[in-house]
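The values are calculated or read from the model by the stated rules, or taken from the named source; none is laboratory data. Being a predicted model, the structure only gives us computed values, none of them experimental. All Cβ positions, even for glycine, are placed from backbone atoms using ideal geometry, and neighbour counts span all protein chains on display. Only protein heavy atoms, including side chains, enter the accessible area calculation; ligands, DNA and RNA are left aside. Shrake-Rupley method; radii C 1.70, N 1.55, O 1.52, S 1.80 Å.
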Amino acid sequence: MVNHYETAFVLTPVLSEPQTKEAVEKFENLLTSNGGTILNREEWGLKQLAYPIQGKNSGFYFILQFDAEPAVIATLETEFRRDERVIRFLTTRLDKYAFEYAEKRRNKGKKVEEEA
């Protein structure tokens, strides 16, 4: 049974742009190699943290929306814990209402890009 998921994760701010892209691609490849399908990827950029984590006051925020089997989530979260570049992460399963909202948000972003 495939579910809809959304994962938000924060990477350490000391990474260069190529290192940040490599880290995100690592997690995307992990999902796709385990049968997941990535629906959307959002890069929020460098943001201030609400409170210091591991002595850091900011981090690079990313959101991945994907479809996957429930067993893939354990593998993904294990990799998040092992990777020292990840400060925090949160994976949630989207119910049908949250998935519809996420889809509207994605489509709204595409309309803005098309108009530009």
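Things to note:
- Estimated from helices alone, the mean residue ellipticity of the chain at 222 nm is -14500 deg cm²/dmol (sum of -39500 (n - 2.57) over DSSP H runs with n ≥ 4, per residue).
- Taking only Cα atoms of the range 5-58, radius of gyration then Dmax in Å: 12.8, 36
- Fraction of alpha-carbon pairs over 21 Å apart in the chain - percent: 41
- Ranked packing of 97-104, 58-65, 24-31, most packed first, by mean Cβ within 10 Å: 58-65, 24-31, 97-104
- Carbon + sulfur, % of accessible area of the chain - ligands and nucleic acids excluded, 1.4 Å: 51
- Cα-based Lys pair tally, the chain, threshold under 23 Å, eight or more apart or on separate chains: 11
- Once the chain from Arg88 to Glu103 is taken as fully extended at 0.36 nm per residue, the excess over their C-alpha distance is 2.9 nm.
- Protein heavy-atom accessible surface, 1.4 Å probe, per residue over the range 37-101: 63 Å².
- With contacts taken as Cα pairs under 8 Å and at least 6 residues apart, the range 1-108 reaches a relative contact order of 43 percent.
- Using the Cβ-Cβ distance between Glu43 and Met1 with R0 set to 30 Å, the FRET efficiency works out to roughly 0.50.
- For the chain, built as a Gaussian network whose Cα springs stay under 10 Å, the top-fluctuating residue of Gly36, Gly45, Gly55: Gly55
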